[in-house]
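See structure below.
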Amino acid sequence: MIILKHKTSLLLVSIIILVTAWNFTGSGAAGANLSENINVVEKIEKAESYLEEFAAETPATGFSVVICSTEQIIYSQGFGREDVRTQKMMRDDTMVAIGSLTKSFTALAVMQLAEEGKLALDDPVVEYLAEFRTLDKEKSREITIRHLLSNSSGLPSVDHSLYTGDEDSRQILEKLSARNLLFEPGSHFSYSNEGFVLAGLIIEEISEQPYADYIEENILKPLEMEDSTTDIAEIDDLEAIAGHNPGVKEALPAEPVTNSALLASGSEFRSTALDLGNYLLLLLNEGSYEGSQLLSADNTARLFEAETTFSAEDEGIRTDDGQAGYGLGWSSGQVKERLLIMHAGKGATQSSLAILDPEENIGLALLFNVDSLDQYRYTSKYELGLNILRIFDGEEPEKIYKIEDDPTYNNYQLNRELEPYTGTYISSDASNIVEVYKYDEGLRAEQQVRTGVIEYKLDFVSPTTVIFRNFAGTRQADFQLTTEGEVTGLSGELENLTRVSREQDLDFQRKYEKLQLEEGLTVEVPRDFRLKDSNSKHIFENGESKLIVERGASGTADNNGYAHFINQIKGEREILLAGEKNQEMIASRLCYQQSFVIKEKEEKKQLLLGYAEQGGRYFAAAVECPYGKGTEMAGEVLLPLFLYTEF
């Protein structure tokens with residue numbers, strides 16, 4: 001296999017091609033083959049030059065690419081930096097989250113099982129997942145495996161806050177039971193992560209092994225994809241990058257997050273450009289790789305056949321008629337009268353794209369260390385991929401984006417003081433916090449998310465309407481003003497947020513004290529609580545209630561820090577009543593909460609527990625208070641702790 005990577009190797013490759021062609025076909029055929037392969041080398045050079053130009057003008061700090069023919073990987077390379085912190089160069093073996101491109105692997109796995117006779121695409125889901133249902137139980141029984149893989153099941157999206165912690169796919173299954181279907185199964189297209197979650201569970205049921213193990217044994221190993229995994233435990237060992245959050249002009253380093261609930265739809269699959277090259281070779285060769293048939297040619301073709309259609313523009317795809325089809329884990333569309341097979345993936349801080357051109361027997365994959373780019377200011381992933389194909393088709397790359405096409409583009413000048421708009425804006429559950437501040441002659445904002453900080457420049461459209469803009473795109477919001485002109489909040493695409501005024505800040509400072517309990521642990525506690533002990537745990541008391549605070553490394557005590565903490569706190573206390581373990585996002589961290597009614601020295605009390613993890617460490621707190629004061633303590637002690645604690 002010849003992999004053409006660098007300009008300096010192109011002449012040597014041409015000589016090898018000439019010698020090979022002469023030895024096997026004779027001088028006349030060799031001359032024709034040489035001419036053809038020199039043409040390929042020239043196209044690779046032109047494509048590489050184009051990619052270098054793209055890398056120079058985009059705020060995406062790094063990306064990698066692989067290009068394949070039916071015979072071999074003909075080009076693979078990394079561009080830019082894989083991480084702004086380390087300044088390490090992006091490579092063709094840099095491990096990136098591929099997001100929803102995972103769906104194509106899930107569909108391939110299901111088709112393998114179908115080919116073995118272990119399932120049929122038109123089998124009802126309930127045949128394999130007996131507990132599956134939505135609120136419309138009868139319609140739920142009509143949903144088939146085909147519907148799941150073609151995004152035509154009608155399954156709704158469940159609460160996305162569920163997908164941020166230790167949940168598994170079974171809990172997605174449970175949550176769907178409280179939701180209504182969006183439409184009659186099979187009648188429409190609606191992109192559904194949940195559908196592929198169910199497909200992953202079916203794979204587990206039939207194969208009697210975890211989804212990650214099946215993918216590893218039946219797809220990754222046969223394809224020699226040695227730097228790819230869907231196993232969360234392997235990601236750190238394989239040095240997968242964390243990606244970047246969008247800033248105004250530059251990428252900002254992101255914190256790594258994991259999500260075990262959506263494995264089969266794309267939450268954790270990591271791969272490299274080189275590995276994806278092997279995957280493309282399988283698909284371009286009708287299910288065959290290096291002499292092994294992983295899937296029959298007929299069933300490989302069925303993956304690409306459209307089962308339903310959708311608006312291509314809604315997904316950022318430009319097709320001849322504005323429509324695209326969705327098959328089984330793959331979308332398709334006519335582009336300049338040529339059918340292309342494609343799928344993209346987005347993972348908050350990283351992204352991917354794969355395109356196959358069956359007519360020209362060429363395929364490519366792109367991996368980025370950012371999620372997306374503003375389509376009106378930069379070449380999109382799709383257009384970048386299409387331009388590479390245009391170069392190999394002998395055409396010139398196109399530039400279609402125009403700033404003036406941006407519907408939010410304007411020259412409005414705000415004739416008001418900026419200071420009243422500055423401050424902290426917070427959602428009711430404290431899961432969304434936006435800080436607006438003055439920058440040069442305008443305003444900027446920082447939004448706290450699980451992966452770190454997202455930065456925006458604020459462009460006003462009117463005294464109340466504003467565009468939050470960064471290199472990934474735009475989000476529109478409206479400042480809420482009183483009749484006197486006081487800014488009280490934000491609403492719109494950033495959620496409904498309340499502005500915390502200076503007076504509220506002062507009241508908070510009067511009531512709470514910021515304490516550094518140990519290196520790396522700073523908390524906000526009510527001033528009437530006094531620190532009594534600070535050994536393995538930090539214990540505060542205020543006369544009638546006790547507050548216990550602890551920080552430690554995640555994964556302690558049988559890999560369950562929450563259970564470890566709760567068992568310590570409950571101790572020998574008699575539990576009269578245990579509430580449900582609840583979870584919610586607070587300050588962009590998933591927090592667990594549980595309350596108990598306990599009996600201690602013949603006195604009935606309430607015990608409140610809270611727990612959160614971040615960056616490999618956990619923070620836990622417990623409040624023991626008189627019976628009846630639990631609600632007050634939850635709002636005045638636990639919430640500020642989990643909102644403002646730095647650990």
Scanning segment 431-468 residue by residue, those open to solvent by 40 Å² or more (accessible area, probe 1.4 Å) and touching a helix residue (DSSP H, G or I) at 6+ places or on another chain (Cβ under 9 Å) turn out to be Lys438, Arg450
If we ask which residues in segment 84-97 are in contact (Cβ under 8 Å) with a residue 60 or more places away in the chain and out of contact with any strand residue (DSSP E or B) (no Cβ under 7 Å at 6 or more places or on another chain), their number turns out to be 1
Flagged pairs (Cβ under 9 angstrom, 6 or more apart or on separate chains; first in segment 510-524, closer than 10 Å to Arg551 by Cβ; second among the aromatic types (Phe, Trp, Tyr) and open to solvent by less than 40 Å² (accessible area, probe 1.4 Å)) are Gly520/Phe647; Leu521/Phe619; Leu521/Phe647; Val523/Phe619; Val523/Phe647
request  = Go through the residues of segment 72-83 one by one and say whether even a single one is more than 17 Å from Lys346 (Cβ to Cβ), modelled with pLDDT of 95 or more, hydroxyl-bearing (Ser, Thr, Tyr) and not in a loop (DSSP other than H, G, I, E, B).
outcome  = yes
By my count, strands (runs of 3 or more DSSP E) wholly in segment 567-607 with at least 3 residues that are over 29 Å from the mean Cα position of the chain (by Cα) and surrounded by 15 or more Cβ atoms within 10 Å (Cβ to Cβ) are 589-600
Pairs returned, first residue in segment 399-417 that is in contact (Cβ under 8 Å) with a residue 60 or more places away in the chain and under 30 Å from Leu481 (Cα atoms), second residue that is open to solvent by less than 90 Å² (accessible area, probe 1.4 Å) and among the acidic types (Asp, Glu), beta-carbon separation under 9 angstrom, 6 or more apart or interchain, are Asp406/Asp374; Thr408/Asp459
Subject >> Residue check for Glu208: farther than 30 Å from Arg617 by Cβ and surrounded by fewer than 16 Cβ atoms within 10 Å (Cβ to Cβ) >> reply: yes
Of the candidates Ala324, Ala354, the one satisfying the condition of being part of a strand (DSSP E or B), farther than 26 Å from Val84 by Cα and under 28 Å from the mean Cα position of the chain (by Cα) is Ala324
If we take segment 451-498, then strands (runs of 3 or more DSSP E) inside it with 1 or more residues that are over 25 Å from the mean Cα position of the chain (by Cα) and of a type in the set (Asp, Glu) are 452-460, 473-481
The residue from Asp227, Asp237 that alone is crowded, with 16+ Cβ neighbours inside 10 Å and part of a loop (DSSP other than H, G, I, E, B) is Asp227
Going through segment 129-158 in order, the residues found to be farther than 19 Å from Ala261 by Cα, more than 26 Å from the chain's Cα centre (by Cα) and either crowded, with 22+ Cβ neighbours inside 10 Å or not hydrophobic (A, V, I, L, M, F, W, C) (or both) are Asp136, Lys137, Glu138, Lys139, Ser140, Arg141, Glu142, Ile143, Thr144
When every residue in segment 74-94 that is among the aliphatic types (A, V, I, L, M) and surrounded by fewer than 21 Cβ atoms within 10 Å (Cβ to Cβ) is compared, the one farthest from Ser267 (Cα to Cα) is Met89
May I ask you to verify whether Glu632 is outside any strand (DSSP E or B) and of a type outside the set (Ser, Thr, Tyr)? yes
Filtering segment 122-141 for residues that are part of a loop (DSSP other than H, G, I, E, B) and in contact with a Ser or Thr (Cβ under 7 Å, 6 or more places away or on another chain) leaves a count of 5
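The values are calculated or read from the model by the stated rules, or taken from the named source; none is laboratory data. Fair warning: this is a prediction, and the values are worked out from it, not measured in the lab. Neighbour counts run over all protein chains shown; Cβ positions are idealised from the backbone, glycine included. Quick note on the areas: whole protein, heavy atoms, side chains included, nothing else; ligands and nucleic acids left out. Shrake-Rupley method; radii C 1.70, N 1.55, O 1.52, S 1.80 Å.
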